Each structure stands twice: as C-alpha cells, then as structure tokens.
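Colleague: To start, I am sharing the structure in question, which I have written as structure tokens.
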Amino acid sequence: MNGMKKNALLILSIIFLSFIEISAQNETISLNNKWFFGVEIGGNHIASFDLDESKNSIQVGLLAEYYFTRKWSLTSKIKYYKTGVSFHQSGSSGLFGSNTHSGTFKGSVISIPVFAKWEFRVYRELKGNFKLGYAFNKEIKSQYSNYSNNLNTEDYSSQYGGLVVSYGFNYLNAESAIYLDFEGYSGAEKGRTSSLVSNGKIVTTNYLISLGYKYSFKN
C-alpha cells in the first residue's frame, strides 16, 4: 500500500471515528422495512496498471438500500470511477509471428452494483457488514494505446458484468448513518498473456474506499 492510499485511509478513519464519538447512543434502531438513500465519495486504486501510470483517483457514487430484516438488506449503487490495464510481456518473433503481448487501456466507468448485505453489531449502533454482489458496467471513456499487433481491441466490449466483494462499517442514529465501505471490482478482459501451456486473460481490477452518508425518509 503506497503513501497516498495510507493517508486517505487515515483521514477517512479519523472522520468515521469522530462521528461515532459525537453521536454515541444506547438505543437500538429498528431497520425492518426501511429504505435508505445516500451519497459517497472516496479513493479509487487501479490494481491492473502494471507500468508507470497513476493508479489512484477520486470516485463518487449514489446509494439505495432496503432492509428486509434486522441484519439483511439489498443494496444498489451508481458508481463513477476510472479504470484501466497496462501490460508488457516480452516475447520473440518467429515463423508464426510475434508472441509479445503489450498494451495500455484507460477508461472511465459507470457501474451499477447490486449487493446482498449481512450486518453484525460491533459496539452499540456501530455495525460491520459483508457484501457480495454483481455489477453492470458501461464504459463512458475507452482509450486503447500501444497494443501489440496480435491483440485486437475490437474484441473488447465496453459493456460487461463483474463480481464485487465488499466489507464495511456503518453507524446509525435515529434516521441516518455514516458508513465506510471497501470494495473490490473485477471487470472486463482488456489484454492477454501467453505461455507454452495456456493463455491468460488480463482484466480491469479496482479497489475502492468510500465514505458516505445515508438517510431514511421513513420514520
């Protein structure tokens, strides 16, 4: 983890813990059949950049969440973040062409993940959670450069789905909550490596950390 990522995590953690200290209370909040709507902002780390590109940027999102039991909810978001891949696998040229694979893809994505979320109490109204879901993604920017001749960028779709794994924390008062989410997005194939045995896919991979605020309009 680089210095920028550590500083962002420290700042968000301080804000989160300050909210807990100020808002601490003993009441138990009833969540059954409640809707929450929220906004969030945070950091984005592009783990699939392997060359010299800048891996960190800002990402934003909107949230809708419905609790159908005290511990279980369905959550959906609309996220905007940058993504990409870069790779270079040296090879050689021969009778059957070159086996060097290289390329750089830079893009921006609108992502709509849908999660099943399970919550558990940590302390008073502070709760932890685990989320597993699937994201529908649409690239609104797609820039390919320096791809080797043995890779055809027209094969790569600008619309795709992918698995999302997440965990986080949220602290509730009577009608609202502040939350901290850590999310991993696995996206589309944007490259390939090869060996004597098999070919390997290179996919976009993003790690997001989000600080958000959500509010329930139903008493």
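Colleague: Pull up the range 191-208, narrow it to residues that are modelled with pLDDT of 90 or more and either surrounded by 19 or more Cβ atoms within 10 Å (Cβ to Cβ) or of a type in the set (Ser, Thr, Tyr) (or both), then point me to the one that is farthest from residue 50 (Cα to Cα).
Modeller: 208
Colleague: Just one of 172, 180 is touching a helix residue (DSSP H, G or I) at 6+ places or on another chain (Cβ under 8 Å) and within 30 Å of residue 118 (Cα to Cα); which is it?
Modeller: 180
Colleague: Looking at the range 166-187, I want the residues that are more than 25 Å from residue 136 (Cβ to Cβ) and have a partner that is of a type in the set (Gly, Ala, Ser) with Cβ atoms under 7 Å, at least 6 apart or on another chain. Which pairs are those?
Modeller: Close Cβ pairs satisfying both conditions: 169/128; 171/23; 171/177; 173/23; 175/216; 176/216.
Colleague: May I ask you to list the residues in the range 142-176 that are under 13 Å from residue 190 (Cβ atoms) and assigned to a strand (DSSP E or B)?
Modeller: Residues satisfying the conditions are 142, 143, 144, 145, 160, 162.
Colleague: List pairs: first residue in the range 200-211 and on the phi > 0 side of the Ramachandran plot, second residue among the small types (Gly, Ala, Ser) anywhere in the structure, Cβ distance under 6 angstrom, at least six positions apart or on different chains.
Modeller: none
Colleague: Restrict the check to the range 100-109 and report whether at least one residue is at pLDDT below 80 and either outside any strand (DSSP E or B) or crowded, with 20+ Cβ neighbours inside 10 Å (or both).
Modeller: yes
The values are calculated or read from the model by the stated rules, or taken from the named source; none is laboratory data. Fair warning: this is a prediction, and the values are worked out from it, not measured in the lab. A quick note on method: Cβ atoms are made from the backbone with ideal geometry, for glycine too, and the neighbour counts reach across all protein chains shown.
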